[in-house]
Structure formats: C-alpha cells, structure tokens
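The values are calculated or read from the model by the stated rules, or taken from the named source; none is laboratory data. Since the structure is predicted, the reported quantities are computational estimates derived from the model, not experimental observations. Glycine also receives a Cβ, built like all others from the backbone with ideal geometry; neighbour counts cover every protein chain displayed. For the accessible areas, the whole protein counts, side chains as well, though only heavy atoms, and no ligand, DNA or RNA atoms are used. Shrake-Rupley method; radii C 1.70, N 1.55, O 1.52, S 1.80 Å.
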Amino acid sequence: MTRGELGAWVVKANPALWDVHAARLAGEPLDRWRLTESYRLDLVQPGDRLVVWATRGPAGADVGFLAEATVAGPLELDVGGSDWTRAVDREAVRPHVPLAHTRWWPEAVTIEDCRTDPVLRHIEVLRAPRVGNPSWLTVRQVAALDRSRRAG
C-alpha cells in the first residue's frame, strides 16, 4: 500500500480485550489507539481518517464499522492503560496514535453490509482479518463505506 492509495486507516476493536460497545453506548471519545509494529506506522500522518471495526461482541452487538476519528499527531510509545482487560495488555509498551474528533455512528456498517457490497467485500479486514492494527481502506473503499452509511 502507498499513501496515494490510502483512504482511511482501519483499527480493529476486540470486545474481549476492550469493551468497544460500552464505549460506543456511552459516547466516550477515543483519544488514542494502540497499533502493531509494521512498515505502515511510517505512513500514518496527522489528519488521516481512521475508522473503527468491532471484530465481535455480545449477542446482538454489531460486528463491523462503528466509528471514525482523525489522527491528531505523531505516534507515541506508551503502555496500554487501565481500559484493557488483561494485565499483559495494560502493561505492554506499544506504539499509539493520538486521535481527535471521535464520531460514533448511530448505525454500524455491519460485516453483512460489507460482504454484500461489490467494493467493500474486498476490504483488507475481511480478506486478512488477522493483520495487526492498522489495516486500511483504499480511496474507492472509503467512498463505498460512506455511501453505505448514507443508505443505512
């Protein structure tokens, strides 16, 4: 991937590790997100769009895109923090991206929505679900995601 192809970063939230659904219901702002070491970290820039994908959840909870935010600054090394359910995640030093302008979507763009869309069915989070954060969407995929949100 290149900066020219980038439409948005995708970060995955596993509710078993952090309760993204409770955060969504409470309207909690996202002030940072933990990432995985990869070449992609050098491509993340302030002003980039970032969307949140919930990987699973309790019965009836949405799996799919739930929110968006904006990258607010350069990457920082830090511990996970108190929101993590496991001590190893709370204490591990990893790269984090600062975020601003959190927008929790009133309706998710679900995994089913993505699988039935001719463009979204090819997104990386569906093709390679085990890729570490961040994943990404192309410019064309972001346009399809935005159309799907307006149609929902």
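The conditions are (1) touching a His at 6+ places or on another chain (Cβ under 6 Å); (2) at pLDDT below 90, and Pro129 fails exactly one of them. Which is it?
(1)
Just to be sure I understand, how many residues within region 45-56 are modelled with pLDDT of 95 or more, assigned to a loop (DSSP other than H, G, I, E, B) and under 13 Å from the mean Cα position of the chain (by Cα)?
Selection size over region 45-56: 1.
For the subset of region 57-73 comprising residues that are over 25 Å from Glu5 (Cβ atoms) and surrounded by 15 or more Cβ atoms within 10 Å (Cβ to Cβ), which member is modelled with the lowest pLDDT?
Selected residue: Gly57.
Could you grab me the full set of residues in region 1-17 that are hydrophobic (A, V, I, L, M, F, W, C) and crowded, with 19+ Cβ neighbours inside 10 Å?
Leu6, Ala8, Trp9, Val10, Val11, Ala13
How many residues are open to solvent by less than 10 Å² (accessible area, probe 1.4 Å), among the small types (Gly, Ala, Ser) and touching a strand residue (DSSP E or B) at 6+ places or on another chain (Cβ under 7 Å) if we restrict to region 134-148?
As a first pass, look at region 134-148 and keep what is open to solvent by less than 10 Å² (accessible area, probe 1.4 Å): 134-135, 137, 144-145.
This time we only want the ones that are among the small types (Gly, Ala, Ser), so: 135, 144.
The next check asks that each one be touching a strand residue (DSSP E or B) at 6+ places or on another chain (Cβ under 7 Å); those that pass are 135.
The qualifying residues number 1.
Collect the residues in region 22-44 that are polar (S, T, N, Q) and under 14 Å from the mean Cα position of the chain (by Cα), keeping them in residue-number order.
Here is the first cut: in region 22-44, the residues polar (S, T, N, Q) are 36, 38.
Matches in region 22-44: Thr36 only.
Any residue in region 26-40 that is on the phi < 0 side of the Ramachandran plot and open to solvent by less than 50 Å² (accessible area, probe 1.4 Å) sitting within a Cβ distance under 6 Å of a residue that is at pLDDT below 90 and of a type in the set (Lys, Arg)? List the pairs, counting only those 6 or more apart or interchain.
Once the first residue is on the phi < 0 side of the Ramachandran plot and open to solvent by less than 50 Å² (accessible area, probe 1.4 Å) and sits in region 26-40, its partners that are at pLDDT below 90 and of a type in the set (Lys, Arg) give Arg34/Arg94.
Tell me which residues, restricted to region 103-145, are in contact with a helix residue (DSSP H, G or I) (Cβ under 7 Å, 6 or more places away or on another chain) and either part of a strand (DSSP E or B) or of a type in the set (S, T, N, Q) (or both). Explain how you work it out, then say what you get.
Step one: of region 103-145, the residues in contact with a helix residue (DSSP H, G or I) (Cβ under 7 Å, 6 or more places away or on another chain) are 104-105, 109, 113-115, 117, 119-121, 123, 126, 131, 134-137, 141, 144-145.
Selection gives Trp104, Trp105, Val109, Ser135, Trp136, Leu137, Gln141.
So which pairs qualify, if the first residue must be in region 1-13 and without any contact (Cβ under 8 Å) to a residue 60 or more places away in the chain and over 14 Å from Gln45 (Cα atoms), the second must be among the small types (Gly, Ala, Ser) and crowded, with 19+ Cβ neighbours inside 10 Å, the Cβ gap must be under 8 Å, and the two must be at least 6 apart or on different chains?
Here the result reads Ala13/Ala54, each pair linking region 1-13 to a residue that is among the small types (Gly, Ala, Ser) and crowded, with 19+ Cβ neighbours inside 10 Å.
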